[in-house]
1. Looking only at the stretch 1-13, decide whether some residue is closer than 23 Å to Met90 by Cα and of a type in the set (Asp, Glu).
2. Name the residues in the stretch 134-152 that are touching a residue at least 12 places away in the same chain (Cβ under 8 Å), of a type in the set (A, V, I, L, M, F, W, C) and open to solvent by 10 Å² or more (accessible area, probe 1.4 Å), would you?
3. Test of understanding: among Glu58, Glu77, which residue is within 16 Å of Lys95 (Cα to Cα), acidic (Asp, Glu) and touching a strand residue (DSSP E or B) at 6+ places or on another chain (Cβ under 6 Å)?
4. Return the pair list, or none, for Cβ contacts closer than 7 Å from residues in the stretch 84-106 that are touching a residue at least 40 places away in the same chain (Cβ under 8 Å) to residues that are among the small types (Gly, Ala, Ser) and open to solvent by 60 Å² or more (accessible area, probe 1.4 Å), at least 6 apart or on different chains.
5. Return the only residue of Ile70, Ile42 being within 22 Å of Val181 (Cβ to Cβ) and open to solvent by 50 Å² or more (accessible area, probe 1.4 Å).
6. For the stretch 126-135, how many residues meet the condition of being touching a Gly at 6+ places or on another chain (Cβ under 6 Å) and in a helix (DSSP H, G or I)?
7. Could you list all residues from the stretch 154-205 that are in a helix (DSSP H, G or I) and under 19 Å from the mean Cα position of the chain (by Cα)?
8. Can you find even one residue in the stretch 183-202 that is surrounded by fewer than 18 Cβ atoms within 10 Å (Cβ to Cβ), over 29 Å from Asn35 (Cα atoms), of a type in the set (Val, Ile, Thr) and out of contact with any strand residue (DSSP E or B) (no Cβ under 6 Å at 6 or more places or on another chain)?
Amino acid sequence: PGKFVPLMEREGLVGRLDYYCLEKVCAFLEMLDRNGVRDFFISCNFARSTITSGDFVEKCREIISRYHFIRELLIFEVTESEESRDQAQMNAHIKAMRAFGVRVIFDDFGVGFSSFQDLQESAMDGLKLDKYLVENIRTKQGRSLLEAMVRAGHELGLTILAEGVEEEEQVQMLQQLQCDVLQGFYFSYPIPAGEAAKRIFAQFRTQDTPADG
């Protein structure tokens, strides 16, 4: 993605990729719902250029409405871009999608172009802390920064996610900081949708099985 996404952005094709991924995610959530799994959420990334396009809300509503699942299980992640800074348009579209039942979070927060100014100007459900911050959690400065960001996010009523979690020590330290959701290779490497579904069903059945006695 680090290679082909910037290329698609330059060629004006990233919107097609974003809507294609949304279609696949909605279909997967509907499949889970049909099989009784209704507590597994999935994030779908959108470039800011896609979110600020004039027909963004209409296209998203049209795609989502074709599928049956709990809409809160679909999360839109707003990715960073130094271009496409139409803040008013982005805020309006985020508000519309949240009213439609979808949750929206900032992706890669804390490194790059997104900032606490974005949180002041945009109504969000949460933010995802950048992998760089997690990698530096062992340093005094890194831990202090993460702790401050988690605390500030919680005071704003936001769900805090951390990406790039690869080691047990990182898991323990992030849990100590009361980070809400963890994501990374420590839990799973990217796998095909079919294999992911098998793992989800197996986990769901295990949780659903009553304990002996």
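1. For the stretch 1-13, residues closer than 23 Å to Met90 by Cα and of a type in the set (Asp, Glu): present.
2. Selection gives Leu145, Met149, Ala152.
3. It is Glu77.
4. Partner pairs satisfying both residue conditions: none exist.
5. Working: Ile42 fails: open to solvent by 50 Å² or more (accessible area, probe 1.4 Å).
Exactly one residue qualifies, and that residue is Ile70.
6. The qualifying residues number 3.
7. Residues satisfying the conditions are His154, Val171, Leu174, Gln175, Ala193, Ala196, Ala197, Ile200.
8. No, there is no match, as no residue in the stretch 183-202 is surrounded by fewer than 18 Cβ atoms within 10 Å (Cβ to Cβ), over 29 Å from Asn35 (Cα atoms), of a type in the set (Val, Ile, Thr) and out of contact with any strand residue (DSSP E or B) (no Cβ under 6 Å at 6 or more places or on another chain).
The values are calculated or read from the model by the stated rules, or taken from the named source; none is laboratory data. The structure displayed is predicted, hence computed values, not measured ones. Glycine also receives a Cβ, built like all others from the backbone with ideal geometry; neighbour counts cover every protein chain displayed. Calculation scope for accessible area: heavy atoms of the full protein, side chains included, ligands and nucleic acids excluded. Shrake-Rupley method; radii C 1.70, N 1.55, O 1.52, S 1.80 Å.
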